[in-house]
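To start, the structure itself, in structure tokens.
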Amino acid sequence: MNRKITTPLSVIGALSVAVLVTACSGGGGAPAGSPTDSAGSDWSSIEPVELTVSNIFAEGSVSTVLLQDWMDAVTEQTEGVVTFDYYPGGTLHPLLESLSALNSGLTDITYMGNSFFPDQLPISNWRDKVTQAALQSVNYPLVDVAGIGQEFAQHGSGSASVTEQAEAGFISFMPLLIGPPAFSCVEEFETPDDLAGRQTRVSGATAKGEVESLGMGGVFTAANEQYEALQRGVLDCAVNAPTTVVSGGLLEVTPWVAFPKFAPLLGSGWAISTSAWEELAPEIQDVMTEARYDAMTTWIQASLNEFQTLADAAEEIGGGVIESDEINPVVDDWWADQPSLESAAPTGVEDPQAEIAAINAVVEEWLTFSTEELGIDPEPENIRDVLAEGGGVVDDWQPWRDKLAEGPGIQ
């Protein structure tokens, strides 16, 4: 591998792909899915570049593997012109300092989440809420298979959120989405009454509202701090991406797991600073754009496998997977009672109705593709049975990869 690891890996739990997914836009990328101009490039004539990369996830987590696959592909396809000064395990900066780390030049690439910066990114957070509302009622695994695709398409669309993010100092080039998040607790539960009063780790405002609708308290807690809080009884439950539960060892303290119809975790992903992107040669931008698609195709399968791993591990450790039949109606009611998204649009969204319609149209396009072309069952009868399929729920992922690459590149 052509990466230089300059700092030892810290032993910390993997952080949630919270959600996942920010904009893949800005300026200068080749159209995704078409042959890039870099294919016949004379790389000896292009000045070498070393980019600093900060990774806050644990070694071996699916999001770390995604980043590593992408870096390896970029270095290989540029014949070593692009290399990476790689800082793993959150050693370069804390999660909540990711934006300042990008803007100060401390790092060129890191994990960014819109929900961590509501004051700086009001438009992006609003669009994330619109997308969550469109996907909240979609079942697993359709929400994941279609969700990632629509995120790539949404955030290359030239929306106001793309401009907002670029002006804030970053361009998100590999959006992530997990749905539904894993809801795990120290003690067994079945009904909302069982959950009343429990303190629950959340990563954003939407999850906070969902758990509070069930009578719980929502407490924002950094992912690498929650194990101790759960172990000490400061927290009773947690909402996370399945990969965080598995690689963070959370089943040791929260062995009872459910997958209620909480909105997917989105609004975060791998981002590059605006200035670093704009300084790259077009040939390098092309390679960085194209290298995403194979890496993401591996990631989506690994992500679905994590659901299967989590379900099996919960049962093996003495807990189990709990059906959410009595929880889901309460969550659905909370969503139905939310204020109009159109009226909640922040300054900078010129036509909220049109923005919402455009987002919903892309979501519907990907839902239709995933059910009709990939054969995903939109209404699985038993959550445990479909969890057991993992990434095998789709026989051939090549059409998914190809459709992903049809969308906009890193603009």
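The values are calculated or read from the model by the stated rules, or taken from the named source; none is laboratory data. The model shown is predicted, which means the values in this text are computed figures rather than measured ones. Quick reminder, even Gly has a Cβ in these numbers, built from the backbone with ideal geometry, and neighbours come from all protein chains shown.
For residue 143, the criteria (1) assigned by TED's automatic domain parsing to the domain that holds residue 67; (2) of a type in the set (A, V, I, L, M, F, W, C); (3) over 16 Å from residue 328 (Cβ atoms) hold in every case but one, which is (3). Do we have residue 296 as in the same structural domain as residue 394 (by TED's automatic domain parsing) and closer than 18 Å to residue 149 by Cβ here? The answer is yes for residue 296.
Among residues of segment 311-326 that are in contact (Cβ under 8 Å) with a residue 12 or more places away in the chain, those with a Cβ under 8 angstrom from a residue that is in a helix (DSSP H, G or I) and basic (Lys, Arg), sequence gap 6+ or separate chain, pair up as 311/384; 321/384.
Considering only residues that are of a type in the set (Ser, Thr, Tyr) and under 20 Å from the mean Cα position of the chain (by Cα), look in segment 202-234 and name the one that is modelled with the lowest pLDDT. Checked segment 202-234; the qualifying residue modelled with the lowest pLDDT is 203. When 365, 381, 342, 326 are checked against the criterion of being within 23 Å of the chain's Cα centre (by Cα) and either of a type outside the set (S, T, N, Q) or over 18 Å from residue 135 (Cα atoms) (or both), 365 stands alone in meeting it.
Given the criteria crowded, with 19+ Cβ neighbours inside 10 Å, at pLDDT 95 or above and assigned by TED's automatic domain parsing to the domain that holds residue 255, does residue 170 qualify? For residue 170, the condition - crowded, with 19+ Cβ neighbours inside 10 Å, at pLDDT 95 or above and assigned by TED's automatic domain parsing to the domain that holds residue 255 - is not met. Taken together, the residues in segment 347-357 that are assigned to a loop (DSSP other than H, G, I, E, B) and either in the same structural domain as residue 127 (by TED's automatic domain parsing) or aliphatic (A, V, I, L, M) (or both) amount to 1. Screening segment 43-159 for helices (runs of 4 or more DSSP H) wholly inside it with 2 or more residues that are within 21 Å of residue 365 (Cα to Cα) and among the aliphatic types (A, V, I, L, M) returns the ranges 122-135, 142-154. For residue 361, are the conditions met, namely being free of Cβ contacts under 8 Å to residues at least 12 places away in the same chain and not basic (Lys, Arg)? When the stated conditions are applied, residue 361 passes them. When we screen 135, 96, 106 for residues that are on the phi < 0 side of the Ramachandran plot and buried (at least 20 other Cβ atoms within 10 Å of the Cβ), the only hit is 135. Scanning segment 365-391 for residues that are outside any loop (DSSP other than H, G, I, E, B) and in contact (Cβ under 8 Å) with a residue 60 or more places away in the chain yields 365, 366, 367, 369, 370, 371, 383, 384, 386, 387, 390, 391. Does segment 182-199 include one or more residues that are part of a helix (DSSP H, G or I), buried (at least 18 other Cβ atoms within 10 Å of the Cβ), within 17 Å of the chain's Cα centre (by Cα) and on the phi < 0 side of the Ramachandran plot? No, that holds for no residue.
Residues to consider are 268, 275; find the one that is of a type in the set (S, T, N, Q), in contact (Cβ under 8 Å) with a residue 60 or more places away in the chain, part of a strand (DSSP E or B) and closer than 30 Å to residue 49 by Cα. Don't jump to the end; show me each part of the working.
Values: 275 fails: part of a strand (DSSP E or B).
Going through 268, 275 in turn, just one is of a type in the set (S, T, N, Q), in contact (Cβ under 8 Å) with a residue 60 or more places away in the chain, part of a strand (DSSP E or B) and closer than 30 Å to residue 49 by Cα: 268.
Selection over segment 313-332 of residues that are hydrophobic (A, V, I, L, M, F, W, C), outside any loop (DSSP other than H, G, I, E, B) and closer than 19 Å to residue 192 by Cβ gives a count of 4.
Conditions (1) assigned by TED's automatic domain parsing to the domain that holds residue 138; (2) of a type in the set (S, T, N, Q); (3) at negative phi; (4) surrounded by fewer than 15 Cβ atoms within 10 Å (Cβ to Cβ), marked per residue:
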{"position": "280", "(1), (2), (3), (4)": "yes, no, yes, no"}
{"position": "291", "(1), (2), (3), (4)": "yes, no, yes, no"}
{"position": "302", "(1), (2), (3), (4)": "yes, no, yes, no"}
{"position": "305", "(1), (2), (3), (4)": "yes, yes, yes, no"}
{"position": "325", "(1), (2), (3), (4)": "no, no, yes, yes"}
{"position": "328", "(1), (2), (3), (4)": "no, yes, yes, no"}
{"position": "345", "(1), (2), (3), (4)": "no, no, yes, no"}
{"position": "365", "(1), (2), (3), (4)": "yes, no, yes, no"}
{"position": "369", "(1), (2), (3), (4)": "yes, no, yes, no"}
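Would you confirm, using the coordinates I've provided, whether residue 162 is of a type outside the set (Ser, Thr, Tyr), assigned to a helix (DSSP H, G or I), under 15 Å from the mean Cα position of the chain (by Cα) and buried (at least 24 other Cβ atoms within 10 Å of the Cβ)? Steps first, answer last, please.
Numbers: of a type outside the set (Ser, Thr, Tyr): yes; assigned to a helix (DSSP H, G or I): yes; under 15 Å from the mean Cα position of the chain (by Cα): no; buried (at least 24 other Cβ atoms within 10 Å of the Cβ): yes.
The answer is no for residue 162.
In segment 204-243, which residues are part of a helix (DSSP H, G or I) and either hydrophobic (A, V, I, L, M, F, W, C) or under 11 Å from residue 184 (Cα atoms) (or both)?
If we filter segment 204-243 for residues that are part of a helix (DSSP H, G or I), which is where we start, we get 205-213, 223-232, 242-243.
Hits for segment 204-243 are 205, 207, 211, 223, 229, 230, 242.
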